[in-house]
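As structure tokens, the structure follows; a few thoughts come after it.
The values are calculated or read from the model by the stated rules, or taken from the named source; none is laboratory data. Nothing here was measured: the structure is a model prediction, and the numbers come from that model. Cβ placement follows ideal geometry from the backbone for every residue including glycine, while neighbour counts extend to all protein chains displayed.
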Amino acid sequence: MRIVVGITAGAVLATAGAWLGLYLFGVLVLHGKGSLFDASRSAENTFFVIWVALTAALAILGGYAGYANDASRKEK
């Protein structure tokens, strides 16, 4: 069960971080005028590729952390 929780937590953190970064880019750099996706088609594709890769990586790390935590509890 801890593995599933770790995977979910990793995926949620990656998603929140990616979309928060996109929002802050729009506010701080573009000053609310337009969107990163309006700027170029490749920027949109790059964002989604990075988002999926980051989500996969953090889900794997979260699952491993849950597995390691569960294994260390069983040893005691």
Unique match (being outside any helix (DSSP H, G or I) and not hydrophobic (A, V, I, L, M, F, W, C)) among Gly21, Gly17, Gly6, Gly32: Gly32
Pairs, first closer than 10 Å to Ile60 by Cα in the range 2-17, second aliphatic (A, V, I, L, M), C-beta under 6 Å, six or more apart: Gly6/Ala65; Ile7/Ala59; Gly10/Leu58; Gly10/Ala59; Gly10/Leu61; Ala11/Ala59
Selection within the range 22-55 - under 28 Å from Asn69 (Cβ atoms) and free of Cβ contacts under 8 Å to residues at least 12 places away in the same chain: Val52, Ala53
Of all residues making up the range 50-60, the number that are among the β-branched types (Val, Ile, Thr) and within 16 Å of Tyr23 (Cα to Cα): 1
Filter result for Ile7 (under 30 Å from Asn69 (Cα atoms) and at pLDDT below 90): no
Candidate set: the range 28-70, residues that are of a type in the set (Ser, Thr, Tyr) and surrounded by 12 or more Cβ atoms within 10 Å (Cβ to Cβ); chosen: the one modelled with the lowest pLDDT: Ser35
Selection count, the range 32-49, where residues are farther than 15 Å from Ala18 by Cβ and of a type outside the set (Ser, Thr, Tyr): 6
